[in-house]
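So the structure is just underneath, and the comments pick up after that.
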Amino acid sequence: MTAFERLQNALQTIPEVLARFSDAEAGQRPSPGRWCKKEVLGHLIDSASNNHQRFVRAQIMGKLAFPAYQQEQWVRVQRYQDAGWADLIELWRAYNLHLLHVVAGMPPEGRQATCRIGDGQEMTLDVLFDEYVKHIEHHLQKML
C-alpha cells in the first residue's frame, strides 16, 4: 500500500477510534513531561501545517530550505491540552484531506522538487510525503 493510500485509510478509520476517548481522557498526561493525546494530535496538526507549506512552496520554487520545526515550543504555545478533543480530531482529519488533495495534484516535476528542513538532508517532495505519513503512523501507534 502506498503512503497516499495509507493516509487515506487512516483518515477514514482513525477519527472514529480517537473519538472513543473522552475529552478528559485525551487531556491526561501518561507521565510527567510526556504529551497527552491532545498534544500528540496537536503535534500532528503542526506537522500537517509545516508540511503543507513545504509541499506548496517547494513546488513553486523548485528547491527550498525550511527552518527546523521546534515541536516542544509549538505545542506549548498553542496550548493543545486546553483545546476541545473533537475539534482537534476534525482539524487533523480536514487538514490531512487537504494535503491528500495537494499531493494528488502534484505533477511529476513537483514531486521531484527538493527541500531541506533545518540541518537535514535535501529530499524530494515524494520522499518528504512518505516520511510525513510514517511520522503520522508512528505517533498514532504510540497513542493508541
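All of the numbers you see were taken from the coordinates with simple rules; none came from a lab. None of these values were measured; they are calculated from a predicted model. Neighbour counts are summed over all protein chains in view; Cβ atoms, including those assigned to glycine, are modelled from backbone coordinates with ideal geometry.
Annotations
- Structure remark: mean-square fluctuation, Gaussian network model of the chain, C-alpha springs under 10 Å; the largest value among Ser22, Ser49, Ser31 belongs to Ser31.
- Amide H to amide H, with H built 1.01 Å from N, Leu64 comes under 5 Å of Thr114, Cys115, Arg116, counting only residues 5 or more places away or on other chains.
- Rel. contact order, % - alpha carbon contacts under 8 angstrom, at least six apart, the chain: 33 percent
- Alpha-carbon centroid distance for the pair the range 26-101 / the range 1-19, whole angstrom: 16 Å
- For the range 1-77: rounded, prolate or oblate by the Cα gyration tensor [a/c cutoff 1.5]: oblate
- The HN-Hα couplings worked out from phi for the range 61-68 by the Karplus form 6.51 cos²θ - 1.76 cosθ + 1.60 (θ = phi - 60°) are 8, x, 6, 8, 10, 10, x, 5 Hz, whole numbers, x standing for Gly and Pro.
- Candidate values [x] 2, 9, 15, 16, 13, 11, 10, 9, 7, 5, 3, 1, 0; [y] 2, 9, 19, 22, 19, 15, 9, 4, 1, 0; [z] 2, 11, 21, 26, 23, 13, 4, 1, 0, 0, label of the one derived for P(r) over Cα pairs in 5 Å bins from 0, in percent: [y]
- Cα-Cα over 26 Å, subset of Lys37/Lys134; Lys38/Lys63; Lys37/Lys63: Lys38/Lys63; Lys37/Lys63
- Cβ-Cβ distance of Lys134 and Ala65, R₀ of 35 Å, FRET efficiency by 1/(1 + (r/R0)^6): the value works out to about 0.95.
- Calculated FRET efficiency, Gln53 to Asp82, Cβ-Cβ distance, R0 = 35 Å: about 0.90 to the nearest 0.05.
- Cα pair distances exceeding 17 angstrom across the range 76-142, given as percent: 58 percent
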